[in-house]
Amino acid sequence: MKCGYTILLFLLASVGSLAQGKIMLVGGGSEDDNGWSDAPYAWAVNSSANKKVAVISYSTQDNWIPDYFESLGAVEAENIKIDSRDKADLQSTYDALMEYDVFFFKGGDQSIYYDFYKETKTAQAIVDKFNAGGVIGGTSAGMAILSNVIFSAQNGSVYPDEALQNFQSSNFTLVDDFLPFLPGVIVDSHFTERGRGARLLAFMANWFVTTDEQLTGIGVDDRTALCIDENKIATVLGTGSVSIYSGESFSAYLNTKPLTDSVHVTQLLHGHSIDLDQLEIIEGPEDLLLPLNPYEEGNYEVIISGSEGLSTNSGFMEQLVNSSGELTDSIVVVTAEGKAGTFIQRLNDMGAPVILVETTPTNNDIGQIELRNNIRRAKKVLFVENDDNTLFNFLSEGPTGTLLRELIKRNGIISAFVGEDSRYAGESFVTNHLSDAYAAYYGRLNYEPGLSLLPSTTIMSNTFDASTTDFYENTTASIPFAMVSDSVKYGVYLNRKSYLRFYQEEHVNYFHATGDLSTMILINAGTEASFAATRDYVGFSSMQYVLLNGDVKIKVGEPQPSVDESFEFEQPVVGIENEVDKFSPKIFPNPSGTGMFHISSDFIHPSASLTVSDFTSRILVNEQWNSDIAQRIDLSSFANGIYYLTVRYGNKQYTLKMLKGL
């Protein structure tokens, strides 16, 4: 495999003797007088010799940006409109531009900049000014044209879901024949906001497969700038982050979906700096972050899908019913009241036995003995169309929910999650990414503890929803933010018509992904990390991206089998004061505030035994009756709640409810 670092260093060195200028990459977003943009825009002014700024665009602009530059110390700032190839190629245009030492390109459409300015006097002025020590900057589309390899967008934009589905489509118009700045590099703007990490990876894959050259990718967030001085020292200024990707190899699944296991990622925040020649951090995150669980050790299977609805989950359902476990295995469907009808019908059509558990108080009632016994017989559980709060209240507040929560972590159980429910399988999950569009931007993402089936993983479903196109800030920012907050190792970005499977094979745990889009996984094997001041963004010195699909899988640990006691099936409960016959045992006091209970009976058979179990049928006490009158049971070390006493002698068996706590 080729080394991206080596190629980048060679190309930078080849033009280093001529490149004396500075570059300012602005990721987009409105400038803010007395706000985030003051520092980088003042840097551009102060880094120039004559402090004259040309604000260049192909369309008519108001005078706000020139006035803003002047408020930051520019002695002169003017809008310069170059709206055709003919005008771009005039000697007078060249001469006018060379009067300024800062060239700043406005946002818009980079294809117009490329088509109008390529191989013109304007392009020559940009290069000459840079080589003379000038400052070349741009925002949004005006930034996207400032690397050696650019996405020209001549066939329109590329969205993240499209990039993960087909990185070799005709929309991938990558060229290296415009400007010579930042050789071996491709840049992208509005990075986290628009989920462009996926497309930057796809750009790098496309260029590698097409040219056999590795690129370094630089992604800059909105309201954020990367200021690169004449020595290639790059400093981040602003409220967001700058991401730097360097890969070693890429390949394709079915010739369209990008695959890789080796893209190194550095993410820097305001005030951080990096040497782009050496790709070494000069000033960066300082707090060491090691994953609390360095491996996934579950001895069960987990299948998580990336989108809602039956129509986008046909492969997922096929995996659950026919490829995982046995077709005859009962499937517990856990869902909100009145939901999951289409999924239940499909399971019935596929011949899978279904046990429906709606997350209602009725199904958590102590009397639902038959339901819980059916759950104990099941091998598969499907979570679909649940409400966050309702589900987790159900799983923690009653016997049926408690049993389910214990069941899914038993050896060999298969747990499957559809769409938004997939978030629950990890250590924690974001709760307001859909209800609060600006949660990440304003630093108010909320998280709740998950089911911890994958305790070193956090999961986002439907990351790049095709219906939202340009806005993915919550879904993309929430993964690294949760990884740093919870010290987990893996961050999984799921998408439509795709699913990821966690499973065991020859005593090894794997992640394997299938579907229309490649699945992105961010891996923290140990890094320095920090948090942004105002947004739910993080910085880190070293993580790794993996793109999975097809036959590719990654090792994530080794299974550690749990000690699963055999389920003891519940028997009909005899009321506390009801005696079935003269042999029935009695409990006093009941309830007991201390947890000390006395068991007595009018007649005790020599072979009498008793057990005490909790809601999940976990046996806490198991002993022979050692008195002909009474037996003492000590539950003082257990939590307050409901327990079950089962007394057996001869052909008699009695189950009674015990209440600890008044």
Checklist outcome for this item: With +1 on the Cβ of every Lys and Arg and -1 on the Cβ of every Asp and Glu, the dipole magnitude of the chain about its Cα centre, in debye rounded to the nearest 20, is 1440
Checklist entry - Length gain on complete extension for the stretch GLU528 to ALA42, per 0.36 nm per residue less the alpha carbon to alpha carbon distance? => result 172.0 nm
Checklist entry - Once the convex hull of the C-alpha atoms of segment 209-361 is built, how many Å³ does it hold per residue, rounded to a whole number? => result 235
Checklist entry - Which listed residue (ILE82, GLY197, TYR41) has the Cα farthest towards the positive end of the charge dipole for the chain, taking +1 on Lys and Arg C-beta and -1 on Asp and Glu C-beta about the Cα centre? => result GLY197
Next on the checklist: If R₀ is 22 angstrom, what is the calculated FRET efficiency for the pair ASP436 and LEU290, using the beta carbon separation as r and rounding to 0.05?
Outcome noted: 0.10
Item to check | Residues in segment 343-359 reached by a label modelled at LEU327 [backbone nitrogen below 16 Å; 7 Å Cα→Cβ] | outcome: 346-354
Next on the checklist: Please compute the per residue accessible area over segment 313-468 with all protein chains in place, 1.4 Å probe, rounded to a whole number of Å².
Outcome noted: 37
Checklist outcome for this item: segment 312-370 -> Rg/Rh from Cα coords, Kirkwood Rh, value 1.02
Checklist entry - What length, rounded to one decimal in nm, is gained on full extension from GLU558 through to GLU318, with 0.36 nm per residue of separation minus their alpha-carbon distance? => result 83.8 nm
Item to check | segment 137-260, accessible area per residue, ligands and nucleic acids excluded (1.4 Å, Å²) | outcome: 24
Item to check | Equivalent ellipsoid, the chain (semi-axes from 5 times Cα gyration tensor eigenvalues, Å) | outcome: 63, 24, 20
Checklist entry - How big is segment 189-299 by the Kirkwood estimate over distinct Cα pairs, in Å? => result 15.6
Next on the checklist: Can you give me the Kirkwood hydrodynamic radius for segment 83-133, using every pair of distinct Cα atoms, in Å to one decimal?
Outcome noted: 11.1
Checklist outcome for this item: Under 5 Å from the placed amide H of GLY138, counting only residues 5+ away or on other chains, we find MET24, VAL26, PHE105
Next on the checklist: Greater than 20 Å separation of Cα atoms is the criterion. Which listed pairs, LYS379/LYS555; LYS380/LYS657; LYS51/LYS106; LYS379/LYS553; LYS22/LYS81; LYS22/LYS87, meet it?
Outcome noted: LYS379/LYS555; LYS380/LYS657; LYS379/LYS553; LYS22/LYS81; LYS22/LYS87
Checklist entry - What FRET efficiency would be calculated for the residue pair MET350, GLU213, taking the C-beta separation as r and a Förster radius of 30 Å, to the nearest 0.05? => result 0.05
Checklist entry - Just going by the charge dipole of the chain, with Lys and Arg at +1 and Asp and Glu at -1 on Cβ, which of ILE233, TRP625, THR266 is farthest out on the positive end? => result TRP625
Checklist entry - Per residue and in Å³, how big is the convex hull formed by the alpha-carbon atoms of segment 384-541? => result 126
Checklist outcome for this item: Computed about the Cα centre, the charge dipole of segment 415-545 from +1 Lys/Arg and -1 Asp/Glu charges at the Cβ has a magnitude in debye, to the nearest 20, of 60
Checklist entry - Which far-off residues, 5 or more places away or on another chain, put their amide H under 5 Å from the one on TYR253, with H placed in the peptide plane? => result LEU259
Checklist entry - Helix-derived [θ] at 222 nm for the chain: sum -39500 (n - 2.57) over DSSP H runs of at least 4, divide by residue count, nearest 500? => result -6000 deg cm²/dmol
Checklist entry - So, in nm, how far is label GLN154 from label GLN91 when the simple model puts each one 7 Å beyond its Cα toward the Cβ? => result 2.9
Item to check | Order by protection proxy (mean Cβ within 10 Å, highest first), peptides 545-558, 298-311 | outcome: 298-311, 545-558
Item to check | Relative counts (whole %) of C-alpha pair distances in segment 419-473, using bins that are 10 Å wide | outcome: 24, 50, 25, 1
Item to check | Cα lying deepest toward the dipole's positive end in the chain, options LEU434, THR224, TYR649, charges on Cβ | outcome: TYR649
Checklist entry - Per residue, what volume in Å³ does the Cα convex hull of segment 331-436 take up? => result 105
Checklist entry - With each label point set 7 Å from Cα along the Cα-Cβ vector, what nm distance links SER396 and PHE569? => result 3.2
Checklist entry - For segment 390-441, with only Lys/Arg (+1) and Asp/Glu (-1) charged at the beta-carbon, what is the dipole magnitude about the Cα centre, in debye rounded to 20? => result 220
Checklist entry - In terms of the Cα gyration tensor, with a ≥ b ≥ c the square roots of its eigenvalues, is segment 251-306 rounded because a/c is under 1.5, prolate because a/b exceeds b/c, or oblate? => result oblate
Next on the checklist: Need one word for segment 108-262: rounded, prolate or oblate. Basis is the Cα gyration tensor (sqrt eigenvalues a ≥ b ≥ c); a/c below 1.5 gives rounded, then a/b vs b/c decides.
Outcome noted: prolate
Checklist entry - Ignoring ligands, DNA and RNA, what percent of the 1.4 Å accessible area of segment 203-252 is carbon and sulfur? => result 44
Checklist entry - If you roll a 1.4 Å probe over segment 148-189 with all protein chains in place, what percent of the accessible area is carbon or sulfur? => result 37
Checklist outcome for this item: Under the rule rounded for a/c under 1.5, else prolate if a/b exceeds b/c, else oblate, using alpha carbon gyration tensor axes a ≥ b ≥ c, segment 113-193 is classed as prolate
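The values are calculated or read from the model by the stated rules, or taken from the named source; none is laboratory data. Source: prediction; values computed, not measured. A quick note on method: Cβ atoms are made from the backbone with ideal geometry, for glycine too, and the neighbour counts reach across all protein chains shown. Only protein heavy atoms, including side chains, enter the accessible area calculation; ligands, DNA and RNA are left aside. Shrake-Rupley method; radii C 1.70, N 1.55, O 1.52, S 1.80 Å.
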